[in-house]
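Shown next, in structure tokens, is the structure this report addresses.
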């Protein structure tokens, strides 16, 4: 089990400051949601966490080890990344896409083994989609592609799972299908899961903790019920909202309207 810690992170693009003293901790067996509007710093923070970007100040650590300086092979053994919905440049089957998770462990001319292909099929089966294995990845629906990418991530046997807007461009059913799967594997395998989301209602339903970003700073963090407050959401999104408690302890966020039905900004 691996804890992910973000320590006083600062990141600039040339003269533009994007992240400003960002700190939080993500724990094993729990889903941490990164929430905030466009240009709040979510994507930059995500890239700092997976080692693609190097912050000017502060650092990200896994089990106390700084991510910066880790060789990619070592990092790939600890962390798996599920990107936003994507296509493949060439024609690959779903099974081929999952097997690619082993690429970092192969030498230059080494090919995946039969065991690797069997394991890839098992990863798809574990997520309930063995039928996708022989199908061409680029011919799959958006929801099916996301499941394949999740299977690829799980085939790495990670301790930390990072997901960048996994519900982007998905319909209502597939949004909940994907997040149900992510929550299930997080609990079952005690993963440290961090997911960027746009919808506060999805974060409320599936996340254990939320890190709320505004203009590159952490405005609020903690359990869902402590972060999803009306004043906090109104400050972040610039829109009046109503937060209602649901029977299951989660929260429902809806825009507030006046008598004419117009949004109140």
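The values are calculated or read from the model by the stated rules, or taken from the named source; none is laboratory data. Note that the structure is predicted; figures quoted are calculated from it, not measured. Counting neighbours? That spans all protein chains shown, and the Cβs are built from the backbone with ideal geometry, glycine included.
Of the numbered criteria (1) surrounded by fewer than 18 Cβ atoms within 10 Å (Cβ to Cβ); (2) farther than 23 Å from residue 251 by Cα; (3) in contact with a strand residue (DSSP E or B) (Cβ under 9 Å, 6 or more places away or on another chain), the one residue 132 fails is (1).
Please go through region 6-19 and give me each residue that is surrounded by fewer than 17 Cβ atoms within 10 Å (Cβ to Cβ) and either over 12 Å from residue 217 (Cα atoms) or modelled with pLDDT of 95 or more (or both), ordered by number. If the condition is that a residue be surrounded by fewer than 17 Cβ atoms within 10 Å (Cβ to Cβ) and either over 12 Å from residue 217 (Cα atoms) or modelled with pLDDT of 95 or more (or both), then 7, 8, 10, 12, 13, 14, 15, 16 are the ones that fit. Applying the condition of being under 23 Å from the mean Cα position of the chain (by Cα) and in a helix (DSSP H, G or I) to region 217-250 and asking which residue is modelled with the lowest pLDDT yields 225. Under the condition of being in contact (Cβ under 8 Å) with a residue 60 or more places away in the chain, surrounded by fewer than 18 Cβ atoms within 10 Å (Cβ to Cβ) and under 28 Å from residue 63 (Cα atoms), the residues counted in region 158-190 number 2. Among the candidates 58, 51, 69, the residue that is at pLDDT below 95 and either touching a helix residue (DSSP H, G or I) at 6+ places or on another chain (Cβ under 9 Å) or part of a strand (DSSP E or B) (or both) is uniquely 51. In summary, residue 223 fulfils each of the numbered conditions (1) surrounded by 14 or more Cβ atoms within 10 Å (Cβ to Cβ); (2) touching a residue at least 12 places away in the same chain (Cβ under 8 Å) with the single exception of condition (1). The set of residues in region 20-39 that are within 17 Å of residue 215 (Cβ to Cβ) and surrounded by fewer than 23 Cβ atoms within 10 Å (Cβ to Cβ) comprises 20, 21, 23, 24, 37, 38, 39.
For residue 243, the test of being without any contact (Cβ under 8 Å) to a residue 24 or more places away in the chain and crowded, with 17+ Cβ neighbours inside 10 Å is passed. Screening the candidates 44, 3 for the property of being in contact with a strand residue (DSSP E or B) (Cβ under 7 Å, 6 or more places away or on another chain) and within 23 Å of residue 186 (Cβ to Cβ) yields one hit, 3.
Among the residues of region 22-46, the ones that are within 15 Å of residue 79 (Cβ to Cβ), over 11 Å from the mean Cα position of the chain (by Cα) and either without any contact (Cβ under 8 Å) to a residue 40 or more places away in the chain or assigned to a strand (DSSP E or B) (or both) come to 1 in all. Tell me, which residue of region 135-153 that is touching a strand residue (DSSP E or B) at 6+ places or on another chain (Cβ under 7 Å) and closer than 19 Å to residue 81 by Cα is surrounded by the fewest Cβ atoms within 10 Å (Cβ to Cβ)? Here the answer is 137.
Selection of region 152-175 for residues being within 21 Å of residue 202 (Cα to Cα) and modelled with pLDDT of 95 or more yields 160, 161, 162, 163.
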